[in-house]
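Below is one structure, written out as structure tokens, with a few remarks after it.
The values are calculated or read from the model by the stated rules, or taken from the named source; none is laboratory data. Here the structure is a predicted model, which means the values were calculated and not measured. Methodologically, a virtual Cβ is constructed for each residue, glycine included, from the backbone with ideal geometry; neighbour enumeration extends over all protein chains shown.
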Amino acid sequence: MSSKEDFLQSIRAGLAKRTPTAYPYIPTFEQAGIDLKAVFEKNLKLAAVDFYDVSSVEEAQKIMQERLPDVKVVCSATDEWEGNKDIDAVEQPRDLDDVGLGVFRAELGVAEMGMIWVTEKSLKVNALGYLSQHLAVLLDPAEITENMHTAYQRPGLLDANYGCFVMGSSATADIGAVLVRGAQGAKSLTLFFLKTKDDETGK
Amino acid sequence: MKKVNVEKNAAEFIYQDDIHVTEHDKNLWNARQKRDTAAAQIPEWEELRNLASAIKEHTLTHLDQYLEQFVTNAEKRGIKVHFANDAAEHNAIAYEILSSHRVKNIIKSKSMLQEECGMTPFLEEKGIGVLETDLGERIQQLSEQIPSHIVMPAIHQTKEDIAKLFAEKIGTDPNNTDPASLNTAMRNNARPKFLLADAGMTGGNFAIAETGTFVVCTNEGNADLTASLPPLHIASIGIEKILPKAEDLGVFIRILSRSALGTPATQYTSHFTGPREGAEMHIILTDNGRSKRLAMDEFWKSLKCIRCGACMNTCPVYRRSSGLAYGATYSGPIGIIIDPTFDAKKYSELPFHSSLCGSCSEVCPVHINIAEQIMDWRKVMMKNKEVDFSRRMAFKAVGVMLGHPKLFRAVEKVAYNAINILPEAITENKTLDPWAAHRKLPDVKKETFREWYIKNRKNNEQ
């Protein structure tokens, strides 16, 4: 096994022949007068995400019951939405294998990509986002950022041990180059625009 | 190591039937076209390519500093970082971590570095079960073949091939070739194995010095399952994956999947900055020839590669011959310039497996001068006498002839006449020249260009 010093030493030897180049200035490429929610919605559609503006969790729950009437186990990582499997009682991630619908509140949306940002804070158990057969996600419409540049400029974005930009459901095109949704992760993702209640965020 | 016979391998793919080569070509060109459409929708696309290239060059020319910073920050967050000089060390470290945790079975997502190190056969030999969880990689694992494409590992197989394979290996109906049902069958087959695995292994697309974060980009969600289920996560990361800051990701995430498949991004862009509660996280930072490549004046820029596969999708030679022809972990144009750095003898034929059309350089999102480097590798192979004697002599003869106008004119006339007289059995002989198959020499005019030019110039002057 190499030591860190030996390892760095061979890199320094390789670098002896290189001339250092400058770090470029990276603009954020923001566009003036852009309707963030409209762009986000356009790209959600491209990612096969169905979305709804709702004014209450009950409204969202009703929509999910209509969309997925056969789902038996609902596990939610947000207190706003009560499921029938308690995520806090989960001892091992694999215990989430029976979840039909996983629910959580995303922390951010990226308009350019139709992506949402989740971390271990929003998922509680990371596997919820991937073992669940289907996902229902809440997002505050005020939490949409324009593009990847503005997203990565969010202070503390990478503070969490785990964070993921999720663009719709899981997908593959590995068989005959045909796009199939529901590869190993969730088969569908439904998004609900619902404001965060002030008392829950402590704002 | 035995020289890879690219021509023979390519012929095996091309001549198996008239379906595979057509499908392969169509699917890859389709990816290239989708890339063009995606790129055209971003007004700053070319600026992003310039930025990506500049960030990579800056990082590579300060690699020791950024690597040290990455290690410090990752360790601060409780990640154990290991250093592997070569493939053997990488595999030994992986095995040591796994065996000290009494791991019997691992699940892994796609990692070109682990592929490069030959990790799976190594671990299997030691008695550890390895399950590839990316669908394409799983297909290749079951087929006992290396991946033929860095993004679409099984793109050289048709859905009929895969239906037959799954019927044999996991008991599906051999007549059901529907990609969705085949996918479901594999999803159901893999799920229990995900749940029971003792450890998960991933690669890393990017590693951020400023935060100690590594990023994994996937479409299937298999990397996130791999990382979120077992109590142990090991990531293999090549030293060239380092980026200075989180904001650099803004540039790279915008260009990676658009270049690869024409989608805005991969379905999942996963960031790992520390182990989850109650779990362990290890990184094996691996050199395996990269620091030596950094010292190579003509070839160091190949380290900028972000493994998008755009150069493969656009390459007319790759699309026709398939990735298996290259007999290497990395195929296509990028493979031609990377593989010889591992073994210049074994991969000495690769640089000649190119038309030098330059399309690879045109689509590369980080501006690697791929076509130029292919040319430079040809020079190296000629100098090292790694090229067949007959071909070397032919090149030499052409060199002499082109350097002597009178000689050229004499040879030209003889050749013109010869082509018109000789039978096709000689001029288009597949044995003498494997590239002659499926190709026809054009009809040759009686008059050489020079004769035509002298005559017509006189006409013009009058």
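Worth pointing out:
- Output for region B:48-80, where each listed residue is more than 8 Å from chain A (Cβ to nearest Cβ) and over 23 Å from the mean Cα position of the chain (by Cα): B:Q65, B:Y66, B:Q69, B:F70, B:T72, B:N73, B:A74, B:E75, B:K76, B:G78, B:I79, B:K80
- Answer residue from region B:93-138, given it is within 24 Å of the chain's Cα centre (by Cα) and acidic (D, E) and is surrounded by the most Cβ atoms within 10 Å (Cβ to Cβ) among those: B:D134
- Looking at region B:288-332, the helices (runs of 4 or more DSSP H) lying wholly inside it that each contain 1 or more residues that are surrounded by fewer than 24 Cβ atoms within 10 Å (Cβ to Cβ) and of a type in the set (V, I, T) sit at B:316-321.
- Candidates B:T269, B:T263 - the one that is closer than 14 Å to B:N219 by Cβ, part of a loop (DSSP other than H, G, I, E, B) and under 22 Å from the mean Cα position of the chain (by Cα): B:T263
- Residue satisfying all of: in region A:1-10; in a helix (DSSP H, G or I) and touching a strand residue (DSSP E or B) at 6+ places or on another chain (Cβ under 7 Å); farthest from the other protein chains (Cβ to nearest Cβ) among these: A:K4
- Condition met for B:L98 (at the interface with another protein chain (Cβ under 10 Å from one of its Cβ atoms), at pLDDT 95 or above and closer than 22 Å to B:N288 by Cα): no
- Residue that is farthest from the other protein chains (Cβ to nearest Cβ) [pool: residues in region B:239-278 that are without any contact (Cβ under 8 Å) to a residue 40 or more places away in the chain and farther than 17 Å from A:G129 by Cβ]: B:K241
- Pick from region A:11-41, criterion within 11 Å of chain B (Cβ to nearest Cβ) and not in a loop (DSSP other than H, G, I, E, B), ranking: surrounded by the most Cβ atoms within 10 Å (Cβ to Cβ): A:G14
- Looking across region B:13-33, just one residue is assigned to a loop (DSSP other than H, G, I, E, B) and of a type in the set (A, V, I, L, M, F, W, C), and that is B:I19.
- Conditions (1) touching a residue at least 40 places away in the same chain (Cβ under 8 Å); (2) more than 30 Å from B:K26 (Cα to Cα): number failed by B:T120: (1)
- A:T172 being at the interface with another protein chain (Cβ under 10 Å from one of its Cβ atoms), over 15 Å from the mean Cα position of the chain (by Cα) and over 23 Å from A:E58 (Cα atoms): yes
- Strands (runs of 3 or more DSSP E) within region B:40-144 that include 2 or more residues farther than 26 Å from B:E277 by Cβ and touching a strand residue (DSSP E or B) at 6+ places or on another chain (Cβ under 6 Å): B:80-84, B:129-132
- Filtered residue count, region B:18-34, keeping only those that are closer than 25 Å to A:T172 by Cβ and away from every other protein chain (no Cβ under 14 Å): 1
A quick yes/no check of all residues on (1) in a helix (DSSP H, G or I); (2) small (G, A, S); (3) more than 9 Å from chain B (Cβ to nearest Cβ):
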site	(1), (2), (3)
A:E112	no, no, no
A:W117	no, no, yes
A:K121	yes, no, yes
A:G129	yes, yes, no
A:L135	no, no, yes
A:L138	no, no, yes
A:A151	yes, yes, no
A:G163	no, yes, no
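- Flag if B:E44 is in contact (Cβ under 8 Å) with a residue 60 or more places away in the chain and either away from chain A (no Cβ under 14 Å) or charged (D, E, K, R) (or both): no
- Applying a threshold of 9 Å to beta carbon distances and a minimum spacing of six or more residues, or different chains, the list of pairs starting in region A:120-148 at a residue that is within 15 Å of B:T269 (Cβ to Cβ) and ending at one that is assigned to a loop (DSSP other than H, G, I, E, B) and charged (D, E, K, R) reads A:N126/B:R276; A:T145/A:E112; A:T145/A:R154; A:N147/A:E30; A:N147/A:E112; A:M148/A:E112.
- Set side by side, the residues A:K37, A:K62 differ, and just one is touching a residue at least 40 places away in the same chain (Cβ under 8 Å) and farther than 30 Å from B:I107 by Cα, which is A:K37.
- Residue in region A:68-78 that is charged (D, E, K, R), outside any loop (DSSP other than H, G, I, E, B) and more than 25 Å from A:L158 (Cβ to Cβ) present: no
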